[in-house]
Amino acid sequence: MEADSKPKKSGARLCCVCNQNRAALKRPKTLEQICRECFYAVFEEEIHQVILENQLFKPGDRIAIGASGGKDSTVLAYVLSELNRRHNYGLDLFLLSVDEGITGYRDDSLETVKRNELQYGLPLKIVSYKDLYGWTMDEIVKMIGLKNNCTFCGVFRRQALDRGAALLKVDKVATGHNADDIAETVLLNILRGDIARLSRCTSIITGEDGPIPRCKPFKYTYEKEIVMYAYFKKLDYFSTECIYSPNAYRGFAREFIKDLERIRPRAILDIIKSGEDFRISTTTKMPEQGTCERCGYISSQKWCKACVLLEGLNRGLPKLGIGRTQGLNSDGKKDRKRDSRTPSIESKQCGSLEF
Amino acid sequence: MACNSSTCNSSGCYKGYEEEEQPKPNTKAAVNGGNSCQNLCVKCKVNEPVCCGIGGENSRFCKDCFKNNLYGKFKQAVTYNAMITPPDKVLVAFSGGPSSRVVLQFVHEMQYKAQKNYDANKDKSLPVFGVGVAFIDESSTHSFTSQHIEKAIEDIRLIVSNLAPPSKELFVVPIESIFSSDGIDGKERLKELLDAVSDVTGKEDLLSHLRILLLQKIASENGYTRIVLGSCTSRIACHVISATVKGQGYSLSADIQYVDSRWEIPVVLPLRDCPAQELNTLCSLDGLKIVELLNGPCSGINGLVSSFVKVLQEENPSRECTIVRTAGKLTPFHFNRVPEIHDSNVPSATRRHQKRYTLKPNGSLSSDSFCPICNSPLKKSNFPSSLRSHGSQQNPDLFASACSSCQFQILPKDPSLMEEFLSLLPQQMITKAKHGDQGNFSLLREQIQEFLFSDGENEI
């Protein structure tokens, strides 16, 4: 109602940064009162600093942005283009999207990514589970049920991103994992006893010794702030959760972190800091890195996880690769669940990758 | 990003990603009589089971086997870590709750057995260790009626006096005795100190730091050589999560080991492998009296973590164990073992015995300085600021030498209030801030101790 040009009016909340405009919001990370313009500035600047301090990119790099159409990847695409322009990173940016074949979810979000391609002027590549593996997530869930489907999706998506990245011939993949995600992952790894992952999960750059390194420019960016940025900038994104996600164990950690953020916002960053500081011996048994015999992808076992899971799907052994079944030649008799609808697609080879 | 790639997993399938010893309770299998011992204690297969361990259907024990199982864990922890040796005088911290009660009971039983052996033995070479009990009266921080607290103290006196022979000295000490002046003065000062901390979690944590300092004081003034805490698996699991949440990931491994010798009197945790649920069951089975002081639920972060772990535990009863096991894989510090015995009065047999079981320090000597408030080891990157403060006598730069967690939740935000805050802190914390890097010095000394003569030494 009142104009912005009355800064000294008593009782008006002023932006604590510029002290000129009226505060439009409270920063979730710091609870500072801030105006829109200053919020954009501090949000973008913090990400710029993270990129610089961690040397995420170098000039001439071709970067694929993992784009799901959701808020994180949309904002990432937007901000990276902006910073690339503003600070002359000299990067070639691409959008890389994975179609898992989840009706009512993924097909809608892919429309969003296609719009992003036009809006941000970034070339788009879509890779699909159907093409790569011969299965859509919907088909997988029909076979294995609602438990463990996230395992399949996650393993397949990781490979899919690498495949797509190889096709685009990029140097790195940037994903929109934010501070909340990483904090959840730290907690999950503690809860599930995964010390090896615990030592790696806070790294901002991962897979440097693998086919395509990945980085997470949003490592210290709060999810709430990403939402706020997208909201105020009126960015186009798809905001529904995956229809299969309510059953995920991650939900426990997520609930807890939401409650935590209410009491002490900085706790999210504190969890990440703890994760970085954990004293984990480098001689702790870490998996040795080799290659998958079936498809040549990076793997610590004989077959990579995706091949193991695929084998399970194709042979009608939905539990293969889940739980403690030992290897592929184990007694599959107990787990045989003959689905009435036998998959008509022959098992697709993972295909060789030209790395 | 709702679901992250390979870390996402549904509740039923954690098995693929961790080495679990306790199977998830399998109610389906037990019903069909597939297990022949369905109606018998799983351990002795003779008696009827009366209770369940946390393994649910798979761990139904009779009373004796249940108790022996728990006592066995306690005994193993004590022996393997050389927690209690004959010349020791052990102070058991007793809060009145079930874990305290059980650890007191177990320590007493161990002492009782040792006494019987001593009496029966002609050769009186190994004396029996002494046991004392300390109860810290925190009524000045709560609003209990004095009647309530007096009754509680009476109950505690009764419990301790019934645990004789051998008899045990009981110390009932009010929390405000941590300050050199006590009585009304101490109460006021404590109140002012706690009021000066605005963060709820900070207040609770500061109180627990004061508690441990007071235990140290009692032990030190009365010649005790060990402090025994009843911290069980459940409490440790909560501590793992809350330390992570407060940004204390570096120092976490120091707090959760069996032995913590960074204090003047080493602190030991013999119930580390015992879940709270089993300790509770034992108390009701054995009729061990508990004195519940209803300190009120923890609020703030500690309370949130506690409810979180409870939710996880309901979903899977072995979750606490897994949390502690994971955190147990973090590298401990050099002080997470009992210090070697240098007293030549101690029979050499004992010293050899202790040496054999003293864990090799697998933590490097990396950490030299400690936070003056919570005594947590500081990561090396804090060195420049602590060096800066070293040598300043009048006003140690407490803020700079404290860990980031204490800086945030305990110390006042406003620098102008710092001096007043310092004046309220107990002397022990201020002294620690001044002599920040003495830790390293004493460790070096320990290594060359046997070559030093006690006279003619020049203490720096």
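Out of the residues in region A:169-198 meeting the condition of being polar (S, T, N, Q) and assigned to a helix (DSSP H, G or I), tell me which one is farthest from A:Lys71 (Cα to Cα). Full working, then the answer.
Going residue by residue through region A:169-198, those that are polar (S, T, N, Q) are A:175, A:178, A:185, A:189.
From the residues that got through so far, the ones that are assigned to a helix (DSSP H, G or I) too are A:185, A:189.
On the way: A:Thr185: 19, A:Asn189: 25 Å.
For region A:169-198, the residue satisfying everything is A:Asn189.
Go through the residues of region B:165-177 one by one and say whether even a single one is in contact with a Leu (Cβ under 8 Å, 6 or more places away or on another chain), assigned to a helix (DSSP H, G or I), of a type outside the set (Gly, Ala, Ser) and surrounded by 14 or more Cβ atoms within 10 Å (Cβ to Cβ).
The answer is yes; a qualifying residue exists.
Just to be sure before I move on: is A:Tyr129 free of Cβ contacts under 8 Å to residues at least 60 places away in the same chain and crowded, with 21+ Cβ neighbours inside 10 Å in the structure I sent?
Judged against the criteria, A:Tyr129 is a match.
Please identify the pairs in which a residue from region A:141-158 that is more than 7 Å from chain B (Cβ to nearest Cβ) and in a helix (DSSP H, G or I) has its Cβ atom under 6 Å from the Cβ atom of a residue that is of a type in the set (Gly, Ala, Ser) and buried (at least 22 other Cβ atoms within 10 Å of the Cβ), counting only partners at least 6 apart or on another chain.
Pairs found: A:Phe156/A:Ala306.
Tell me yes or no: at least one residue of region A:250-258 is among the acidic types (Asp, Glu) and over 21 Å from A:His177 (Cβ atoms). Give the steps one after another, and end with the answer.
First pass over region A:250-258, keeping only residues among the acidic types (Asp, Glu): A:255.
Filter once more, keeping what is over 21 Å from A:His177 (Cβ atoms): none.
No, because not a single residue in region A:250-258 is among the acidic types (Asp, Glu) and over 21 Å from A:His177 (Cβ atoms).
Quick one: count up the residues across region A:213-237 that are in contact (Cβ under 8 Å) with a residue 60 or more places away in the chain and either among the polar types (S, T, N, Q) or away from chain B (no Cβ under 12 Å) (or both).
Residues meeting the conditions: 17.
Collect the residues in region B:380-421 that are more than 14 Å from every other protein chain (Cβ to nearest Cβ), closer than 18 Å to B:Gly247 by Cβ and modelled with pLDDT of 80 or more, keeping them in residue-number order.
Scanning region B:380-421 gives B:Ala400, B:Ser401, B:Ala402, B:Leu411.
B:Leu194: over 28 Å from B:Arg101 (Cα atoms) and of a type in the set (A, V, I, L, M), yes or no?
Considered against the rule, which asks whether it is over 28 Å from B:Arg101 (Cα atoms) and of a type in the set (A, V, I, L, M), B:Leu194 comes out as yes.
I want to confirm something. Restricting to region A:165-207 and keeping residues that are more than 17 Å from the chain's Cα centre (by Cα) and either on the phi > 0 side of the Ramachandran plot or charged (D, E, K, R) (or both), which single residue is farthest from the other protein chains (Cβ to nearest Cβ)?
A:Lys169
Would you mind finding the one in B:Val92, B:Val103 that is outside any loop (DSSP other than H, G, I, E, B), of a type in the set (A, V, I, L, M) and touching a helix residue (DSSP H, G or I) at 6+ places or on another chain (Cβ under 7 Å)? Outline the logic, then answer.
Numbers: B:Val103 fails: touching a helix residue (DSSP H, G or I) at 6+ places or on another chain (Cβ under 7 Å).
Matching residue, one of B:Val92, B:Val103: B:Val92.
Would you please name the residue that is surrounded by the most Cβ atoms within 10 Å (Cβ to Cβ), looking only at residues in region A:250-261 that are more than 7 Å from chain B (Cβ to nearest Cβ) and either in contact (Cβ under 8 Å) with a residue 60 or more places away in the chain or at positive phi (or both)? Quick ask: steps written out before the conclusion?
First pass over region A:250-261, keeping only residues more than 7 Å from chain B (Cβ to nearest Cβ): A:251, A:253-255, A:257-258, A:261.
Filter once more, so that each one left must be either in contact (Cβ under 8 Å) with a residue 60 or more places away in the chain or at positive phi (or both): A:253-254, A:257, A:261.
Values: A:Ala253: 24, A:Arg254: 20, A:Ile257: 22, A:Glu261: 19.
Filtering first and then ranking leaves A:Ala253.
Checking B:Tyr224 against (1) assigned to a helix (DSSP H, G or I); (2) more than 9 Å from chain A (Cβ to nearest Cβ); (3) crowded, with 24+ Cβ neighbours inside 10 Å; (4) not hydrophobic (A, V, I, L, M, F, W, C), which single condition isn't satisfied?
(1)
Which of the numbered conditions does B:Asp273 fail, given that it passes all the others? Conditions: (1) surrounded by fewer than 24 Cβ atoms within 10 Å (Cβ to Cβ); (2) within 14 Å of another protein chain (Cβ to nearest Cβ); (3) charged (D, E, K, R).
(2)
Given the conditions (1) within 14 Å of chain A (Cβ to nearest Cβ); (2) farther than 30 Å from B:Lys432 by Cα, report the number of the one that B:Asn302 does not fulfil.
(2)
Filter region A:24-80 for residues that are in a strand (DSSP E or B), under 22 Å from A:Thr206 (Cα atoms) and of a type in the set (Lys, Arg) and give the result. Outline the logic, then answer.
Taking region A:24-80 and keeping what is in a strand (DSSP E or B), we get A:25-26, A:33-34, A:62-66.
Next, from what is left, pick out any that are under 22 Å from A:Thr206 (Cα atoms): A:62-66.
Listed by number, the list holds a single entry, A:Arg62.
Looking for whichever is in the same structural domain as A:Pro265 (by the TED database) and more than 22 Å from A:Tyr229 (Cβ to Cβ) here; the options are A:Leu93, A:Leu168. Which one fits? Outline the logic, then answer.
On the way: A:Leu93 fails: more than 22 Å from A:Tyr229 (Cβ to Cβ).
Criteria check complete, one pass: A:Leu168.
Within region A:55-66, does at least one residue satisfy the condition of being within 14 Å of chain B (Cβ to nearest Cβ) and surrounded by 17 or more Cβ atoms within 10 Å (Cβ to Cβ)?
Going residue by residue through region A:55-66, those that are within 14 Å of chain B (Cβ to nearest Cβ) are A:65-66.
From what is left, the residues that are surrounded by 17 or more Cβ atoms within 10 Å (Cβ to Cβ) are A:65-66.
Yes, some residue in region A:55-66 is within 14 Å of chain B (Cβ to nearest Cβ) and surrounded by 17 or more Cβ atoms within 10 Å (Cβ to Cβ).
Name the residues in region B:244-264 that are outside any loop (DSSP other than H, G, I, E, B), under 14 Å from the mean Cα position of the chain (by Cα) and either more than 12 Å from chain A (Cβ to nearest Cβ) or without any contact (Cβ under 8 Å) to a residue 60 or more places away in the chain (or both), would you?
Matches in region B:244-264: B:Asp255, B:Val259, B:Asp260.
From the list A:Val186, A:Val141, exactly one residue is at pLDDT below 90 and hydrophobic (A, V, I, L, M, F, W, C). Which is it? Talk me through it step by step, then tell me what you get.
Working: A:Val186 fails: at pLDDT below 90.
Result: A:Val141 is the single residue among A:Val186, A:Val141 that is at pLDDT below 90 and hydrophobic (A, V, I, L, M, F, W, C).
Any residue at all in region B:65-77 that's buried (at least 19 other Cβ atoms within 10 Å of the Cβ), at pLDDT 90 or above, in contact with a Lys or Arg (Cβ under 9 Å, 6 or more places away or on another chain) and farther than 24 Å from B:Asn316 by Cα?
Yes, there is a match, as at least one residue in region B:65-77 is buried (at least 19 other Cβ atoms within 10 Å of the Cβ), at pLDDT 90 or above, in contact with a Lys or Arg (Cβ under 9 Å, 6 or more places away or on another chain) and farther than 24 Å from B:Asn316 by Cα.
Go through region A:209-240 and give me each residue that's over 30 Å from A:Ser299 (Cα atoms) and assigned to a loop (DSSP other than H, G, I, E, B). Steps first, please.
Pass one, region A:209-240, residues over 30 Å from A:Ser299 (Cα atoms): A:221-240.
A:Thr221, A:Tyr222, A:Lys233, A:Lys234, A:Leu235, A:Asp236, A:Tyr237, A:Phe238, A:Ser239, A:Thr240 - these are the residues of region A:209-240 that are over 30 Å from A:Ser299 (Cα atoms) and assigned to a loop (DSSP other than H, G, I, E, B).
For every residue, the table says whether it meets (1) surrounded by 15 or more Cβ atoms within 10 Å (Cβ to Cβ); (2) under 24 Å from A:Leu187 (Cβ atoms); (3) at pLDDT below 85.
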{"residue": "A:Phe238", "(1), (2), (3)": "yes, no, yes"}
{"residue": "A:Ala248", "(1), (2), (3)": "yes, yes, yes"}
{"residue": "A:Ser274", "(1), (2), (3)": "yes, yes, no"}
{"residue": "A:Trp303", "(1), (2), (3)": "yes, no, no"}
{"residue": "A:Lys337", "(1), (2), (3)": "no, no, yes"}
{"residue": "A:Thr342", "(1), (2), (3)": "no, no, yes"}
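Of all residues in region A:100-134, which are outside any helix (DSSP H, G or I), at pLDDT below 90 and within 18 Å of the chain's Cα centre (by Cα)? It would help to see each step written out before you state the result.
Filtering region A:100-134 down to residues outside any helix (DSSP H, G or I) leaves A:100-105, A:121-128, A:134.
Filter again for at pLDDT below 90, leaving A:100-105, A:134.
Listed by number, the residues that qualify are A:Glu100, A:Gly101, A:Ile102, A:Tyr105.
Is it the case that A:Ala166 is crowded, with 22+ Cβ neighbours inside 10 Å and within 21 Å of A:Ser73 (Cβ to Cβ)? Break it down into steps so the answer makes sense when it comes.
Working: crowded, with 22+ Cβ neighbours inside 10 Å: no; within 21 Å of A:Ser73 (Cβ to Cβ): yes.
In short, no.
Considering every residue within region A:83-99, establish whether at least one is aliphatic (A, V, I, L, M), closer than 19 Å to A:Cys242 by Cα, within 14 Å of another protein chain (Cβ to nearest Cβ) and not in a strand (DSSP E or B). Break it down into steps so the answer makes sense when it comes.
Filtering region A:83-99 down to residues aliphatic (A, V, I, L, M) leaves A:83, A:91, A:93, A:95-96, A:98.
Cutting the leftovers down to closer than 19 Å to A:Cys242 by Cα gives us A:96, A:98.
Those still in the list that are within 14 Å of another protein chain (Cβ to nearest Cβ) too: A:98.
Remaining after also requiring not in a strand (DSSP E or B): none.
Within region A:83-99 (the criterion being aliphatic (A, V, I, L, M), closer than 19 Å to A:Cys242 by Cα, within 14 Å of another protein chain (Cβ to nearest Cβ) and not in a strand (DSSP E or B)), the answer is no, since none of the residues qualifies.
Of the residues in region B:227-243, how many are in a helix (DSSP H, G or I) and among the hydrophobic types (A, V, I, L, M, F, W, C)? Talk me through it step by step, then tell me what you get.
Step one: list which residues in region B:227-243 are in a helix (DSSP H, G or I), which gives B:233-243.
Cutting the leftovers down to among the hydrophobic types (A, V, I, L, M, F, W, C) gives us B:236-238, B:240-241, B:243.
So the answer is 6.
The values are calculated or read from the model by the stated rules, or taken from the named source; none is laboratory data. Since the structure is predicted, the reported quantities are computational estimates derived from the model, not experimental observations. Counting neighbours? That spans all protein chains shown, and the Cβs are built from the backbone with ideal geometry, glycine included.
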